[in-house]
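Enquirer: Sharing a structure below in structure tokens format, with a few things to ask.
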Amino acid sequence: MGNDFFLIGYRIFVKYHNTAGKRLRGLYIIKSETDKKKMEFFGNMFTHYNYTTTDIIQTKNEVRLEIKSTKSDFKIVTANDIENVSLPLNSPFADWKEARRYAGPLPFTFTYEAETKKVLIIEGVRQDWDPKPVKVCDYHISFLDQLKLKECHLANAFTISNIPYQWKKGKIEQWHK
């Protein structure tokens, strides 16, 4: 019952100390998109990720891969050659090995419910997580521009395919500082 779909996830790396005092590393979801209505429906049924559906156009030739969306106003162009990929200009990472530590899989995903002041903690279990460095030739992501972040740079880019994963039952905790 496998599915084939794009997931576009805008995430912030966070550390959270749970009520037991344990430090958890994971991602805080700020926006999620997919190209399949089925994924939007089930993703929103089982998560708080607030998926929306967007158009995805993928064009590939011998040299480059272009993925773009008119509706979401983004375009990413990568080189097909995966040998000798350099880190992007202004990357905060010294090398791909260091950058790989931030390509996941991070074990936890967090959602904060402001009205109840509660944190939902979901642990993911993934297998065969093998990120491959990608050279980004060109990109424009309108959503990132809307965030008006200062000093925002492309830090790294990886491609990951055929990922079997599942989520454990979520836990809810009262927010504490």
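Enquirer: How do the pairs read when you match residues in segment 42-58 that are farther than 18 Å from residue 109 by Cα and without any contact (Cβ under 8 Å) to a residue 24 or more places away in the chain with residues anywhere that are basic (Lys, Arg) and part of a strand (DSSP E or B), using Cβ under 9 Å and keeping only pairs 6 or more apart or on different chains?
Expert: 52/31; 55/68; 57/68; 58/68
Results for (1) within 16 Å of the chain's Cα centre (by Cα); (2) hydrophobic (A, V, I, L, M, F, W, C), shown as yes or no for each residue.
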position	(1), (2)
2	no, no
13	yes, yes
46	no, yes
88	no, no
112	no, no
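Enquirer: Which of the residues belonging to segment 123-156 are modelled with pLDDT of 90 or more, among the aliphatic types (A, V, I, L, M) and farther than 19 Å from residue 30 by Cα?
Expert: Within segment 123-156, 134, 136 meet the criteria.
Enquirer: Among what's in segment 86-105 and is surrounded by 14 or more Cβ atoms within 10 Å (Cβ to Cβ) and over 26 Å from residue 35 (Cβ atoms), pick the residue that is modelled with the lowest pLDDT.
Expert: If we take residues in segment 86-105 being surrounded by 14 or more Cβ atoms within 10 Å (Cβ to Cβ) and over 26 Å from residue 35 (Cβ atoms), then 100 is modelled with the lowest pLDDT.
Enquirer: Could you pull out the residue among 108, 74 that is closer than 30 Å to residue 174 by Cα, surrounded by 13 or more Cβ atoms within 10 Å (Cβ to Cβ) and in contact with a strand residue (DSSP E or B) (Cβ under 6 Å, 6 or more places away or on another chain)?
Expert: 108
Enquirer: Which ones in segment 8-24 are surrounded by 14 or more Cβ atoms within 10 Å (Cβ to Cβ) and either in a strand (DSSP E or B) or of a type in the set (Phe, Trp, Tyr) (or both)?
Expert: Within segment 8-24, 8, 9, 10, 11, 14, 16, 24 meet the criteria.
Enquirer: Take the residues of segment 136-150 that are closer than 15 Å to residue 71 by Cα and in a strand (DSSP E or B): which is farthest from the chain's Cα centre (by Cα)?
Expert: The residue in question is 140.
The values are calculated or read from the model by the stated rules, or taken from the named source; none is laboratory data. Every value quoted in this text rests on a predicted model; they were computed, and no experiment measured them. Please note: Cβ atoms are built from the backbone with ideal geometry, for glycine as well, and neighbour counts cover all protein chains shown.
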